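See structure below.
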Amino acid sequence: MSIEIVEATESHIPDIVELWKEFMDHHKDIDPRFPAREDAHVSFEQHIRELMGTEDTLVLVALDESRVVGFSISQVNSYPPIWVESDKHGFIDTMAITADYRRKGIGEHMLGRIFESFASHGIDRIELTVAARNEVGYSFWRKHGFKDFSHRLYLQRG
Ligand SMILES: CC(C)(COP(=O)(O)OP(=O)(O)OC[C@H]1O[C@@H](n2cnc3c(N)ncnc32)[C@H](O)[C@@H]1OP(=O)(O)O)[C@@H](O)C(=O)NCCC(=O)NCCS
């Protein structure tokens, strides 16, 4: 299997939207608080189209021949100007590999490309959020050296 990681283009958008639906279903399966609206993919499509046109966002796809089997969204973000350290950091917004292509090193390959892109912006701190019950996600990020630094709590009243 030869997988190529390339920057997404307009023609990949319909496949990215399909993968995003699978990504959302994965989260719905691990935590029932994640159901998305029926038409959520329409908003996502508009969102990704806008992101692809911005300088600070990198959208990558993993291709098996012409089939899109994974995608990621990563961004150069800024902290408010209150910290001693650099105000810029990398943020990995989403990474998803379709179920039957997981655990074959594609995520690692894609992450390598994201690291290279951040390095080219002089960025050495990278953040992301992961759902507390997403064991696959946690396992992957920890394997690549990511550590806890913040916990987001919730209270459902009623
Ligand atoms: C997390 C994800 C992007 C990793 O991509 P991948 O191509 O499977 O990753 P790689 O093959 O490079 O790395 C494999 C590692 O990922 C984790 N992983 C992937 N699939 C897994 C599974 N089914 N069960 C447990 N861990 C799994 C493990 O840490 C694994 O390492 P190991 O095989 O040494 O245990 C992919 O599994 C995925 O899309 N998961 C669902 C969406 C998701 O959770 N995304 C992250 C959101 S925060």
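The values are calculated or read from the model by the stated rules, or taken from the named source; none is laboratory data. Keep in mind it's a predicted model, so treat the numbers as computed, not measured. Backbone-built Cβ (ideal geometry, glycine too); neighbour counts: all protein chains shown. Note: areas computed on protein heavy atoms with side chains; ligands, DNA, RNA excluded. Shrake-Rupley method; radii C 1.70, N 1.55, O 1.52, S 1.80 Å.
Tabulated values for the structure
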| read-out | value |
| --- | --- |
| Filtered residues of the range 67-91 (kept if of a type in the set (A, V, I, L, M, F, W, C) and either modelled with pLDDT under 95 or within 8 Å of the ligand (Cβ to nearest atom) (or both)) | Ile82, Trp83, Val84 |
| Residue under evaluation Ala96, criteria (1) near the ligand (Cβ under 10 Å from one of its atoms); (2) in contact (Cβ under 8 Å) with a residue 24 or more places away in the chain; (3) open to solvent by 20 Å² or more (accessible area, probe 1.4 Å), criterion not met | (3) |
| Sole exception among (1) within 14 Å of the chain's Cα centre (by Cα); (2) within 12 Å of the ligand (Cβ to nearest atom); (3) modelled with pLDDT of 95 or more for Thr57, by number | (2) |
| Among (1) open to solvent by less than 30 Å² (accessible area, probe 1.4 Å); (2) farther than 20 Å from Glu127 by Cβ; (3) touching a Lys or Arg at 6+ places or on another chain (Cβ under 6 Å), the one test that His89 misses | (2) |
| Of residues in the range 5-29 being in contact (Cβ under 8 Å) with a residue 60 or more places away in the chain and either more than 17 Å from Tyr101 (Cα to Cα) or outside any helix (DSSP H, G or I) (or both), the one nearest to the ligand (Cβ to nearest atom) | His27 |
| Scope the range 66-122; condition under 24 Å from Arg49 (Cβ atoms) and acidic (Asp, Glu); matching residues | Asp93 |
| Whichever residue in the range 130-158 is near the ligand (Cβ under 7 Å from one of its atoms) and of a type in the set (S, T, N, Q) and, among such residues, is farthest from Ile3 (Cα to Cα) | Asn134 |
| Unique residue being of a type in the set (A, V, I, L, M, F, W, C), within 20 Å of Ala8 (Cβ to Cβ), within 8 Å of the ligand (Cβ to nearest atom) and open to solvent by less than 50 Å² (accessible area, probe 1.4 Å) when the list is Ile114, Ile106 | Ile106 |
